[in-house]
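Enquirer: Structure provided below as structure tokens; questions to follow.
The values are calculated or read from the model by the stated rules, or taken from the named source; none is laboratory data. Since we're looking at a predicted model, the values are computed, not measured. Virtual Cβ from ideal backbone geometry, glycine too; neighbours counted across all protein chains shown. The protein model used for the area step is the full one, side chains on, heavy atoms only, and it has no ligands, DNA or RNA in it. Shrake-Rupley method; radii C 1.70, N 1.55, O 1.52, S 1.80 Å.
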Amino acid sequence: MEENKVHFRHLFVFYFRKGKNAAETVRKISAVYGEGSVAESTVRKWFARFKSGKFDLEDRERSGRPLVADDDLIKTLIKNNPRQTTRHIAEIAHISHTTVVTRLKALGFVSRYDVWVPHDLTEKNLMDRISISDSLLRRNENDPFLKRLITGDEKWILYNNVQRKRSWGKQNESPLTTAKDGLHPKKVMLCIWWDWKGVLYHELLPYNRTINSDVYCNQLDRLKAAIDEKRPELANRRGVVFQHDNARPHVSIQSRQKLLQLGWDVLPHPPYSPDLAPSDFHLFRSLQNFLNGKKFDSMEACKNYVDQFIAQKDAIFWKNGIHKLPYTGWQKVIEQSGKYIVE
């Protein structure tokens, strides 16, 4: 049996150097020695070792865990697949799970959620982002308006929230990006408006219903009533500075007329720029982390969970979401020549 294991490992090296992958290697060996003679998971483990330059084919001593981890092997495994789990690395490297976690931290690796990017920015998109960010930054420096800013947006709340992937990377490197999931049939839309003090108004639309101009204008009337009640200083003296994105219901003629009627100062917002919308980069990111892995069986269950999320957020959370906009938003876009802010 031991001779067969070593023989198969020589075959692994042969096919690895021929450029074959693990699945191809298993098929070729099975064609000669029979189905089940080697497992694909075993071949993948050996191939990972070969990629790190380790071609010794003997089993390592099993009397105890090695005291020194193979940092080169760990780095190679992460480089080949940043989404490796620590337990899988421990299995391949023949070290304890605790040792893997310790060595990853010592090597400067951190585990983060992958980041979604919404759009490939054109040259015009980049210029719009720089121009608008610069104008808002200068305006706020000359006449600070963040305490008058009210922002809002919509977010789909899924009945089945799949856990987002995590990947390993260095602290000074950007996280990996991944495409958003497609549309899901079971979902409700959250519409929410807030400022540096907290939530002013929010609602969940009926199951699978989205907004149009009529719905949005009616929501703005309800938001106005909430502002009059909760922020009378804005309604009576200073006036609202309003921020929303360029979704069609937000910028329709009907919605623009409604905003003119309300007398609110509407900020310009560059297209395809969720990283400059506090709801997207601050509120919804935190909410999605809260929802990850959760499953709901009714709209009422969704509503209760959203209400729970809002209730547990303290004053610092809402203040930070608004007050960091000039520095981690507008200023950063200018410094990055209009590119997306990826954190």
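Enquirer: Just the Cα atoms of the range 181-283, one point each, no solvent: what log10 I(q)/I(0) does Debye give at q = 0.12, 0.22 Å⁻¹?
Expert: The Cα Debye sum returns log10 ratios of -0.43, -1.48.
Enquirer: To continue, here is another question. In the chain, what % of DSSP beta bridges are antiparallel (nearest 5)?
Expert: Given both bridge residues lie in the chain, the antiparallel proportion sits at roughly 75 percent.
Enquirer: Okay, next question. Leaving out same-chain residues fewer than 8 places away, which lysines sit with a Cα under 16 Å from that of Lys258?
Expert: Of all the lysines, those that pass the test against Lys258 - Cα under 16 Å, at least 8 places apart if same chain - are Lys224.
Enquirer: Treat every Asp and Glu Cβ in the range 280-320 as -1 and every Lys and Arg Cβ as +1, leave all other atoms uncharged, and give the resulting dipole magnitude about the Cα centre to the nearest 20 debye.
Expert: Dipole about the Cα centre, nearest 20: 120 debye.
Enquirer: Which pairs break 31 Å Cα to Cα here: Lys51/Lys294; Lys18/Lys105; Lys124/Lys197; Lys155/Lys324; Lys51/Lys332?
Expert: Too far apart for the 31 Å limit: Lys51/Lys294; Lys18/Lys105; Lys124/Lys197; Lys51/Lys332.
Enquirer: Separate question: What accessible area per residue, rounded to a whole number of Å², is obtained for the chain using a probe radius of 1.4 Å?
Expert: Heavy-atom SASA per residue in the chain reads 55 Å².
Enquirer: Under a cut-off of 14 Å between alpha-carbon atoms, report the aspartates and glutamates in cross-link reach of Lys20, not counting same-chain residues fewer than 8 places apart.
Expert: Glu40
Enquirer: In square nanometres, what is one fourth of the surface area of the convex hull spanned by the alpha carbons of the range 198-343?
Expert: 10.1 nm²
Enquirer: In the full protein assembly as shown, how much of Met189 is accessible to a 1.4 Å probe, in Å² to the nearest 10?
Expert: 20 Å²
Enquirer: Any idea which of Leu259, Ala90, Leu223 is furthest toward the positive side of the dipole for the chain, if Lys and Arg beta-carbons carry +1 and Asp and Glu beta-carbons -1?
Expert: Ala90
Enquirer: Given that compact globular proteins tend to follow 2.2 N^0.38 Å, what is the ratio of the alpha-carbon Rg of the chain to that value?
Expert: 1.33
Enquirer: Would you list which aspartates and glutamates come within 13 Å of Lys147, measuring only between C-alpha atoms, while excluding same-chain residues fewer than 8 positions from it?
Expert: Here the aspartates and glutamates satisfying the reach criterion relative to Lys147 are Asp195, Glu233.
Enquirer: For His282, His88, give me the order by solvent-accessible area with a 1.4 Å probe, most accessible first, ignoring ligands, DNA and RNA.
Expert: Largest to smallest exposure gives the sequence His88, His282.
Enquirer: Ignoring ligands, DNA and RNA, what percent of the 1.4 Å accessible area of the chain is carbon and sulfur? Intermediate values should be presented prior to the final figure.
Expert: Numbers: 9420 of 18900 Å².
C and S atoms contribute 50 percent here.
Enquirer: So how tilted is helix 2-17 from the main axis of the chain? Cα-based, degrees 0 to 90, rounded to 10.
Expert: 60 degrees
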